[in-house]
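Asker: Okay, handing you the structure first.
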Amino acid sequence: MPSFSHKDNAVLRTGAVAGQLVRAIWAGAMVLLLLQVMPALAQETAKGAEAYRAFPLFGSRLAVWGIAQIHLNFAAFILGVPIFAVIVEIMGMRTKDPRYDWLAHQFVKLVFAAFSTTALLGGLLLFLLIGYYPKFFSYLTGIFYSTMWIYAALFFLETFTVYLWYYGWDWLSGSRKWIHLGLGILANLFGTAILLISNAWVTFMMSPRGVDEAGKLTSLWQAINNYTWMPINIHRILANIVFGGTIAAAYAAFRFLSAKTHEERALYDWMGYIGNFVAISSLLVLPFAGYYLGREIYSFNQTMGITMMGGFMSWLWVLQAILIGVLFIGSNYYLWLGMERIPGAERYRKYIPYLIMVLAAGFMVWATPRSMVVTLQESRAMGGTHHPVLGFLGVMSAKNTAVNLMILTTFLSFLLYRRANRISVKPWAGMGMAAQWVIFGLAAVIVTFYGVYGYFVESIVRIGFSVYQVMAVLGAIVLVMTIDIPMFKGARSTGTIRWGQIPPRSQYVLILLAVTFTWLMGLMGFARSGIRQHWHVYGVMRDTSVDAVTPALGYAANVITTVTAIFFAMVFFIFWLGSLGEKGKHPHGMGPATAGSSEDRR
Amino acid sequence: MQVPVTLKVSAFALFVMGVYTYYANSIPQLQSKPPEELSLEGGNVTPDQLVKAGEEIFKGKGTCEICHRIGQKGTRAPDLAGVGARAAKSKPGMSAKAYLIESLLSPAAHLVQGYPAIMPKVDKPPIALNRSEVWALTAFLESLGGTVTVKLDDIPKTAGAAPAGGAAPAAELKLPGDPKAGQAVFMGKGACIACHKAGPIGASPVGPDLTQIGKIQTPDYIMAKILDPASMGTVAGYPPGLMPRTFGQTLTAKEYLDVVSFLLTQKGEGPAAKK
């Protein structure tokens, strides 16, 4: 290492990091070892050994469920955070603002701390599956054996790349910064590849393809590229970014709340804002990815789709809608609170009640239970079996409309926030703003028009409408920003943002968002695997164990809450360990303007 | 003061999750129970027991209720009240029980007017009822307005013969057509391509995508659909009467068989099967 940024703690930190690496490698080696013996195990079980073993105390299913969910949370975190660490690093390179570089480094540090835990949990999950679901797992191994090697190899590559990325931060700075950025991007490519491979296994269980009726493999590529693979890939990548963002923001919130100096508060206020910003940007597109996934499930198997949206799982979507409503409303609220620290923002306060109204209305429509795909017969039959007033709003048309309007509203909040302390000096500013309002209005009209018109056409046509709605919203966002950026270039400032001067309750909102999103991930995990019902591999391999019952929502919620609480406790512990190394570092100027190692570097 | 903040934040997080958990526990709790295997072969059962068993299958393992209702206009499928009586008249020359059995085993062979072909074959995964269960279910359907006459021997031996996870593929119908030549007809003389897509061929959205037609439909259906589109009902979401009715006159017998064979190879497994 040519230069150490934090000389006082270099030794201590090197020791801790080396320990991390050793643990990660150990876990990786265990996985490789298991892969080695797996064919033998598979043969053992094929010889007619038992198909299941019972996990002591609370049963195999719960054991696998819990560990899989915690593993998944960690995995999502270590895949999601690097994506925006890279984005933040790029922003730092472009703006030359050292804060960004410091922030990116902080984020990678968080990832680093979580790395070995993820690997260990993955190894544990593998043990559980082999030990307690031997027959099923040997079947899955038989299909995907070759990809498991690639997976393990990628995991090593990913570990080393992140290691280099993190450790080379100061070494690869200045003119070598590009190499460093390349490492970050490479780490993300490896990470995404890992995600794609494990998604293939999971989605195969849900919508198998590439096997004949007896379950024998006919095409590995088709088994990988099954119906839900691509939609889940997209969905998970987006969700991972949201997740990484909310966790990082929650971390910042925690640091904000326990900060002792104003500088610290300012810094962590800013960090929380960036984390939340990234999360929301990705959250805005997530509903569309969700609809795409739903559509593919329907085209894979009608019965599965209907069971999911209208069958025993229908209430789950009500709960999901509530959680998403909390996310949207929470993030808007955070932006509004944030405006209080911006001089000049009072001008926009009068809009907020209207925004609240749109959000609340959208929320209500979204939370109305109804299946997603409706036939003509259904809409005729509607009335009796549904809520007399809201029932009609529950069809897909209305939901799409509601979610699109909520997205527009959130974007508007963001826009107001953006200009809170700025007054455009461009002579055409008046016209520019008028044009923006017209675009907003048009988008809202288009969305509403197709939403209403959707009731009068058949479902196939209606599904096409949602495309127009999305295009209108995305188009509006692009157009409005195209006007906004030049309009506020060199704008007159009504005062700088007073970072750190935000009410503490805003920080609780960030924590609320992180908790809600993590919980939502647990819920969606339950939906994804519960929808298979009594199948390990849908339509191919039955679950004949004592745990074949798919539990009701209440039970699932209890599990999800327990798992989420354990997850946060573990994260907290890991972050706390990480912070031990930086004790005594705070006092010297960590204020936003001069933050971090980039200053020490010179 | 690290401790109070930690406590406050943890309490807050637990409270939030507590609210979600409470809500989730306060709404209707629906479990999905794995189906029981029922075997009645060889045993003596009274019609009453049979009907009762059938009703349980209808409500449980058969998952019929996600589409059908009895005595209430279903959302996705016809009301089954009185089907035991109505079945005798549904298809000319077919007895009530034969029609009901056909409805269960090859639902697409005769579509109820106005409904799309979404009903799954009940003896195939994912429902995968065995022969006894199909028997009981038929008895139950007969009991809705009719009399129970079905015997186990009425249910084809092949029904449910292929238990999930270790099954021989369903017997495939061999047509004397040539799929290759059929593809040429599809793209050329028949001009089906003007309205349909089949795997990598064509892209027209006018008619339904036929990429999977060989998997989701029976040969009977496809043959009838080409000769007389109206006889098979209209695929949901498409305008009726658009598909030409003249292929019976314009195509030769060989071209007709070829194009059917071609469609039967469309099992949605080609690389272009997924959009």
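The values are calculated or read from the model by the stated rules, or taken from the named source; none is laboratory data. Note that the coordinates shown come from a computational prediction; the quantities given were computed from them, not determined experimentally. All Cβ positions, glycine included, derive from the backbone under ideal geometry; neighbour counts span all protein chains shown. In case anyone asks, the SASA skips ligands and DNA or RNA and just uses the protein heavy atoms, side chains included. Shrake-Rupley method; radii C 1.70, N 1.55, O 1.52, S 1.80 Å.
Asker: Which members of segment A:556-572 meet the condition of being surrounded by fewer than 19 Cβ atoms within 10 Å (Cβ to Cβ) and among the hydroxyl-bearing types (Ser, Thr, Tyr)?
Answerer: A:562
Asker: Anything in segment A:229-267 that is more than 14 Å from chain B (Cβ to nearest Cβ) and open to solvent by less than 20 Å² (accessible area, probe 1.4 Å)? List them, or say none.
Answerer: Just the residues of segment A:229-267 that are more than 14 Å from chain B (Cβ to nearest Cβ), to begin with: A:235-245, A:248, A:262-263, A:266-267.
Of everything in segment A:229-267, those that are more than 14 Å from chain B (Cβ to nearest Cβ) and open to solvent by less than 20 Å² (accessible area, probe 1.4 Å) turn out to be A:239, A:240, A:242, A:243, A:244, A:245, A:248, A:266, A:267.
Asker: In segment A:331-350, how many residues are outside any loop (DSSP other than H, G, I, E, B) and either out of contact with any helix residue (DSSP H, G or I) (no Cβ under 8 Å at 6 or more places or on another chain) or at pLDDT 80 or above (or both)? If you could, list the steps in order and put the result at the bottom.
Answerer: Start the filter on segment A:331-350 by keeping residues that are outside any loop (DSSP other than H, G, I, E, B), which leaves A:331-339, A:345-350.
From what's left, either out of contact with any helix residue (DSSP H, G or I) (no Cβ under 8 Å at 6 or more places or on another chain) or at pLDDT 80 or above (or both): A:331-339, A:346-347, A:350.
Residues in segment A:331-350 being outside any loop (DSSP other than H, G, I, E, B) and either out of contact with any helix residue (DSSP H, G or I) (no Cβ under 8 Å at 6 or more places or on another chain) or at pLDDT 80 or above (or both): 12 in total.
Asker: Test each condition in (1) under 30 Å from residue B:15 (Cα atoms); (2) facing chain B (nearest Cβ under 7 Å); (3) outside any helix (DSSP H, G or I) for residue A:557 and report the one that comes out false.
Answerer: All conditions pass for residue A:557, except number (3).
Asker: Can you tell me which residues in segment A:52-87 are within 14 Å of the chain's Cα centre (by Cα) and open to solvent by 30 Å² or more (accessible area, probe 1.4 Å)?
Answerer: A:72, A:83
Let's see how each residue does on (1) in a helix (DSSP H, G or I); (2) over 26 Å from residue A:62 (Cβ atoms); (3) not hydroxyl-bearing (Ser, Thr, Tyr):
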| position | (1), (2), (3) |
| --- | --- |
| A:123 | yes, no, yes |
| A:143 | yes, no, yes |
| A:166 | yes, yes, no |
| A:170 | no, yes, yes |
| A:188 | yes, yes, yes |
| A:196 | yes, yes, yes |
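Asker: Can you tell me how many residues within segment A:512-546 are assigned to a loop (DSSP other than H, G, I, E, B) and of a type outside the set (Gly, Ala, Ser)?
Answerer: Within segment A:512-546, the subset assigned to a loop (DSSP other than H, G, I, E, B) is A:531-534, A:538-540, A:543-546.
Filter again for of a type outside the set (Gly, Ala, Ser), leaving A:531-534, A:538, A:540, A:543-544, A:546.
Residues in segment A:512-546 being assigned to a loop (DSSP other than H, G, I, E, B) and of a type outside the set (Gly, Ala, Ser): 9 in total.
Asker: I would also like to ask the following. So which residues in segment A:535-566 are over 23 Å from residue A:207 (Cα atoms) and among the small types (Gly, Ala, Ser)?
Answerer: Of everything in segment A:535-566, those that are over 23 Å from residue A:207 (Cα atoms) and among the small types (Gly, Ala, Ser) turn out to be A:554, A:557, A:565.
Asker: Being touching a residue at least 60 places away in the same chain (Cβ under 8 Å) and more than 17 Å from residue B:69 (Cβ to Cβ) is the filter here, so list the residues in segment B:82-115 that pass it.
Answerer: B:85, B:106, B:108, B:109, B:111, B:113
Residue by residue, here is whether (1) of a type outside the set (Phe, Trp, Tyr); (2) assigned by TED's automatic domain parsing to the domain that holds residue A:300; (3) open to solvent by 10 Å² or more (accessible area, probe 1.4 Å) holds:
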residue: A:489; (1), (2), (3): yes, no, yes
residue: A:508; (1), (2), (3): no, yes, yes
residue: A:513; (1), (2), (3): yes, yes, no
residue: A:518; (1), (2), (3): yes, yes, no
residue: A:536; (1), (2), (3): yes, yes, yes
residue: A:540; (1), (2), (3): yes, yes, yes
residue: A:554; (1), (2), (3): yes, yes, no
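Asker: Another one. Determine, yes or no, whether residue A:502 is more than 10 Å from chain B (Cβ to nearest Cβ), farther than 16 Å from residue A:61 by Cβ, out of contact with any Leu (no Cβ under 7 Å at 6 or more places or on another chain) and not charged (D, E, K, R). Please lay out each step first, then the result.
Answerer: Details: more than 10 Å from chain B (Cβ to nearest Cβ): yes; farther than 16 Å from residue A:61 by Cβ: yes; out of contact with any Leu (no Cβ under 7 Å at 6 or more places or on another chain): no; not charged (D, E, K, R): yes.
The answer is no for residue A:502.
Asker: Taking the options A:122, A:142, name whichever one is touching a residue at least 60 places away in the same chain (Cβ under 8 Å) and open to solvent by less than 40 Å² (accessible area, probe 1.4 Å).
Answerer: On the way: A:142 fails: open to solvent by less than 40 Å² (accessible area, probe 1.4 Å).
Step by step, each of A:122, A:142 is checked, and only A:122 is touching a residue at least 60 places away in the same chain (Cβ under 8 Å) and open to solvent by less than 40 Å² (accessible area, probe 1.4 Å).
Asker: Given the options B:177, B:182, name the one that is at pLDDT below 80, open to solvent by less than 60 Å² (accessible area, probe 1.4 Å), away from chain A (no Cβ under 14 Å) and not in a strand (DSSP E or B). Steps first, answer last, please.
Answerer: Values: B:182 fails: at pLDDT below 80.
Result: B:177 is the single residue among B:177, B:182 that is at pLDDT below 80, open to solvent by less than 60 Å² (accessible area, probe 1.4 Å), away from chain A (no Cβ under 14 Å) and not in a strand (DSSP E or B).
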